[in-house]
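Please read the structure below before turning to the comments.
The values are calculated or read from the model by the stated rules, or taken from the named source; none is laboratory data. In this text the structure is predicted, and so the values were computed from the model without any measurement. Please note: Cβ atoms are built from the backbone with ideal geometry, for glycine as well, and neighbour counts cover all protein chains shown.
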């Protein structure tokens, strides 16, 4: 498709494969599939959910939201449902919102979905983006617990660097499709610095050190960024959940997909301390320190 090679892509990014959604799939349909698996894993029925949050920047409609469509497809009735747009950091933002809603008593069971179809947003002739992004969806359920749970969350943004990573929304009457734009080297350098600060602040908020961590569950953007974050935490790569090689960068879906992989493979076990973190366009970034 573009002038590059498998060797170059693997060396620079760590990506070997990506998954591309079928033409009839949407953020909502993929999100509902992930949500159904999350409900099954949690042993819950659709009526147990009182809030649905979908982190996405690739909804098929402005309204109804993907969250409303997910609720419809899963048979979740009369729950609050809304989308949240924070690009690749969307799941971390959604997690923070759900955590606050549970703490304040506004919700008891929140279905959080990260679902994006970023491959469709990439110019097929642009080798700086087309090799990176894949499509996918992941989900989890948050609820009250007496034995495990969220230790700390942190989220922030830099609204003055948005031009380095952007995706215009197509306007009515516009003949050409606007593609995702990324100034890769600048985004890479900024992500390494921000994520190093993010993990430090999150551990401090939780009254923990890197020695307390069992696993890092990072946003799957670039293996070099993931490795740099692991070094900052003095973690061996065996303590890092990596799905990037099989899925590419799935934006808001990447953290829940990695979490799902870690849990279902048996690597992550009850009682383990996890640090979830992500960085995305906006710039936005967020994290959650969890005892699983």
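Taking the stretch 205-218 as the range and being in contact with a strand residue (DSSP E or B) (Cβ under 6 Å, 6 or more places away or on another chain) and over 17 Å from residue 268 (Cβ atoms) as the test, the residues that pass are 205, 206.
Among the residues of the stretch 42-71, those identified as assigned to a helix (DSSP H, G or I), closer than 21 Å to residue 108 by Cβ and out of contact with any strand residue (DSSP E or B) (no Cβ under 8 Å at 6 or more places or on another chain) are 46, 47.
When the stretch 268-280 is examined, which residues are found to be buried (at least 24 other Cβ atoms within 10 Å of the Cβ) and either over 13 Å from residue 212 (Cα atoms) or modelled with pLDDT under 95 (or both)? Those that are buried (at least 24 other Cβ atoms within 10 Å of the Cβ) and either over 13 Å from residue 212 (Cα atoms) or modelled with pLDDT under 95 (or both): 276, 277, 278, 279, 280. Of the residues in the stretch 130-144, at least one is in contact with a helix residue (DSSP H, G or I) (Cβ under 9 Å, 6 or more places away or on another chain), crowded, with 23+ Cβ neighbours inside 10 Å and in a loop (DSSP other than H, G, I, E, B). Filter the stretch 219-233 down to the residues that are in contact with a strand residue (DSSP E or B) (Cβ under 9 Å, 6 or more places away or on another chain) and either loosely packed, with under 15 Cβ neighbours inside 10 Å or not in a helix (DSSP H, G or I) (or both) and list them by number. Result: 219, 220, 221, 222, 233.
If you check 51, 13 for being touching a residue at least 40 places away in the same chain (Cβ under 8 Å) and either under 17 Å from the mean Cα position of the chain (by Cα) or closer than 24 Å to residue 144 by Cβ (or both), only one passes: 51. Answer yes if at least one residue in the stretch 196-203 is part of a loop (DSSP other than H, G, I, E, B) and closer than 18 Å to residue 86 by Cα, and no otherwise. Within the stretch 196-203, not a single residue is part of a loop (DSSP other than H, G, I, E, B) and closer than 18 Å to residue 86 by Cα. For the stretch 258-267, the criterion of a residue being in a strand (DSSP E or B), at pLDDT 95 or above and over 20 Å from residue 10 (Cα atoms) is satisfied by no position. Taken over the stretch 72-98, the criterion of being buried (at least 24 other Cβ atoms within 10 Å of the Cβ) and either without any contact (Cβ under 8 Å) to a residue 24 or more places away in the chain or part of a loop (DSSP other than H, G, I, E, B) (or both) is satisfied by 76, 86. Residues being outside any helix (DSSP H, G or I) and closer than 27 Å to residue 106 by Cα: count how many of those fall in the stretch 7-41. Residues that pass the stated criteria total 0.
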